[in-house]
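**Q** Attaching a single structure in structure tokens format; questions to follow.
Please treat every number below as a calculation from the coordinates, not as lab data. All values derive from a computational prediction rather than experimental measurement. Ideal geometry is used to build each Cβ from the backbone, glycine not excepted, and the neighbour counts take in all protein chains shown.
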Amino acid sequence: MSYDVVVIGTGPGGYVAAIKAAQLGLKVAVVEKRKTFGGTCLNIGCIPSKALLHASEIFAEAGHSFDTLGVEVGTPKLNLKKMLAHKDATVKANVNGVEFLFKKNKIDTFIGTGKVLGEGKLSVTTDEGTMHEVEAKNIIIATGSDVAGIPGVDVQFDEKIIVSSTGALDFGKVPGHLVVVGAGVIGLELGSVWARLGAKVTVVEFLDKILGPMDGEVSRQFQRMLEKQGIAFKLGAKVTGVEKTAKGAKVIFEPVKGGEAETIEADAVLVATGRRPYTDGLGLEAAGVAVDERGRVTIDDHWLTSVPGIYAIGDVVKGPMLAHKAEDEGVAVAEIIAGQAGHVNFDVIPSVVYTQPEVASVGKTEEELKAADIEYKVGKFPFTANGRARAMLHTDGFVKILADKATDRVLGAHILGYNAGEMIHELAVLMEFGGSSEDLARTCHAHPTMSEAVREAALATFFKPIHI
Ligand code: FAD
Ligand code: NAI
């Protein structure tokens, strides 16, 4: 068998690259070792977590704000089995959707483990051990990432009591006390799910702030909101042990600044301390494909590895481990292979934490601008002063826009609020076109919408907002 392009891995990077390449007229096949397509994101990541985040959010709202809105439903009762079934059905619909798109675009599919044999050649080995070779003018490595664990700590994941995100998407009952190691995106999203469903949640984090790379002001206010929702934080705490006990598990940690170690007992522990690039069994070394000191496949500015005709995209290469970053790289590399000019603007990749409220950002944080010695202006607007937010009882949070002091060009934007993940995109588009905060402030926004707060924050960077 011979193809123009063979993609190894069908996550958001791989399946999008395959579809785009087929749309551009190339003969394409994909290799996937999982039984279903869609990778981490569709099977055990973005999609199932968002199904549970949504359902648990409605459950929490029913208990808190429905009554104020005049909707009397009594005390909401959790049917966890049904909630998990909704999650599983959502996953099924999405992974089947990818299979449909492969058929529609006449993409051949191989189920098995892909191994790179060298320039233009790879093998596929099925679970039963049958192996065959495939020829490809171009190979795209899109094998994604896997749970990293805690460096130096022996964590025995059983995915029932000591779990990674995968087990935390599937607890058979709500844990009494869930200890989360790591206040990153996974820890806060999945910690929120189980806190809303009734678990006591304690998050232990190495850094002295939650969501490390986020704008500091957003991080501080967000932490207060999560604390109000009942989530407890132990910051500046380095976890040195996660062990099973007769009753459940325990987490041992010590203050980063030095001091006595502490132990917390838990019914379950979610270890969410990052992910590592996944290249196991790919045969990279033998094929001469270089990786960097963190195990990421080394690429040039056009996603080409150290071997001609072999490209790599998504979580397995440098950059943020985000589905939409992987997708954009998939499109770009397919275009490059087809002789076009594929490009990704890494300065404008939005990032969203799908908690309640959501945290969305694009571009630079204040800390990054200060470190780079860039003079900037700040415009802020709180949702308490937004009519639509009040009508929906979603007044938590604010919009913060950072614009260049001299040119007014928008350099970064941070939104903490209900639906922030939808609102951030007008800022992404603005930044993609090099727009200024005045451009945004002079754009008519429909009333009443929460996006009016975005406009007001833009106005606040150079003059005065109207509604505060
Ligand atoms: P992956 O999605 O990891 O896909 C790689 C695929 O390659 C897998 O299917 C794997 O089986 C296959 N594979 C690996 N090796 C081989 C081989 N040798 N042969 C054949 N197949 C192979 N990102 C967001 O942007 N938004 C979110 O809301 C979000 N939520 C997340 C929630 C959780 C719980 C997790 C864990 C992650 C989340 N992410 C989210 C991150 C997102 O899932 C990843 O950034 C994204 O999946 C990366 O896509 P990818 O195509 O690079 O790799
Ligand atoms: P992360 O890198 O976001 O957070 C890990 C946290 O664990 C960090 O804050 C780190 O300081 C902490 N930590 C590490 N070692 C520790 C120790 N010994 N003790 C205490 N704390 C420790 O990683 P996470 O949350 O596992 O997510 C992995 C990836 O998945 C992220 O890169 C993220 O981009 C992606 N993802 C994206 C989502 C989204 O876009 N909404 C949702 C979920 C995941």
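**Q** Please pull out the direction-averaged projected area of the chain, using the convex hull of its alpha-carbon atoms, in nm² to one decimal place.
**A** Averaged projected area of the chain's Cα convex hull equals 24.7 nm².
**Q** Something else now. Sort out the exposed loop chymotrypsin sites (Phe, Trp or Tyr not before Pro) in the chain (DSSP loop, at most 12 other Cβ within 10 Å) and tell me the longest stretch that has none.
**A** 1-345
**Q** Could you state the number of Å between the C-alpha centres of the stretch 376-453 and the stretch 312-337?
**A** 28 Å
**Q** Oh, and also: If you put +1 on each Lys and Arg Cβ and -1 on each Asp and Glu Cβ, how big is the dipole of the chain around its Cα centre, in Debye rounded to 20?
**A** In total the dipole reaches around 1020 debye.
**Q** A follow-up question, please. Given GLN229, SER165, MET214, which one lies farthest toward the positive end of the charge dipole of the stretch 162-273, if we put +1 on the Cβ of every Lys and Arg and -1 on the Cβ of every Asp and Glu?
**A** The Cα lying farthest towards the positive end belongs to GLN229.
**Q** Using 0.36 nm per residue of separation minus the Cα-Cα distance, give me the extension gain between ASP373 and ALA406 in nm, one decimal.
**A** Using 0.36 nm per residue and subtracting the Cα-Cα distance, I get 10.6 nm.
**Q** Only helices at least 24 Å long along their own axis, judged from Cα atoms, and with Kyte-Doolittle mean hydropathy of -0.5 or greater: name those in the chain from DSSP H.
**A** Taking the DSSP H segments of the chain (at least 24 Å long, mean hydropathy at least -0.5), we get 46-64, 80-104.
**Q** If the only charges are +1 at each Lys and Arg Cβ and -1 at each Asp and Glu Cβ, what is the size of the charge dipole of the stretch 247-378 around the Cα centre, to the nearest 20 debye?
**A** 200 debye
**Q** Quick one: if the Förster radius is 41 Å, what FRET efficiency do ASP208 and ALA391 give, using the C-beta to C-beta distance and rounding to 0.05?
**A** 0.65
**Q** I need two numbers for the stretch 235-276: Rg to one decimal and Dmax as a whole number, Cα atoms only, in Å.
**A** 11.2, 31
**Q** Pull out the extension gain between HIS132 and ASN79, defined as 0.36 nm times the separation in residues minus the alpha carbon to alpha carbon distance; nm, one decimal.
**A** Stretched fully, the HIS132-ASN79 segment lengthens by 14.4 nm.
**Q** If you take the beta carbon distance between GLN340 and ALA246 as r and set R0 to 60 Å, what does 1/(1 + (r/R0)^6) give as a FRET efficiency, to the nearest 0.05?
**A** E between GLN340 and ALA246, to the nearest 0.05, is 0.45.
**Q** Give LYS87/LYS228; LYS50/LYS234; LYS92/LYS115; LYS228/LYS250; LYS364/LYS400 a once-over and call out the pairs whose C-alpha atoms are over 19 Å from each other.
**A** LYS87/LYS228; LYS50/LYS234; LYS92/LYS115; LYS228/LYS250
**Q** Okay, moving on. Need the C-alpha centroid separation for the stretch 236-259 versus the stretch 34-59, integer Å.
**A** 29 Å
**Q** Also: Counting other Cβ atoms within 10 Å of each Cβ, which trypsin sites (Lys or Arg not before Pro) in the stretch 1-68 have at most 11 and sit in a DSSP loop?
**A** LYS35
**Q** If you average the alpha carbon positions of the stretch 117-193 and of the stretch 266-302, how far apart do those two centres end up, in angstrom?
**A** If you average the Cα positions of each part, the centres end up 11 Å apart.
**Q** Under the rule a/c < 1.5 gives rounded, and otherwise a/b versus b/c splits prolate from oblate, where does the stretch 162-273 land using the Cα gyration tensor?
**A** oblate
**Q** Please give the contour-minus-distance gain from LYS106 to MET225: 0.36 nm per residue of separation, less the Cα-Cα distance, rounded to one decimal in nm.
**A** Full-extension gain reported as 38.0 nm.
**Q** Separate question: At most 13 other Cβ atoms within 10 Å and a DSSP loop assignment: could you name the GluC sites (Glu not before Pro) in the stretch 62-158 that fit?
**A** GLU72, GLU128
**Q** Also: Which trypsin sites (Lys or Arg not before Pro) does the stretch 253-297 hold that lie in a coil by DSSP with at most 13 other beta carbons within 10 Å?
**A** LYS257, ARG294
**Q** Sort by residue number and report every cysteine in the chain with no other cysteine beta carbon within a distance under 4.7 Å.
**A** CYS444
**Q** Let me ask something else about it. Considering the Cα trace of the stretch 351-462, what is its radius of gyration and what is Dmax, both in angstroms?
**A** 13.1, 41
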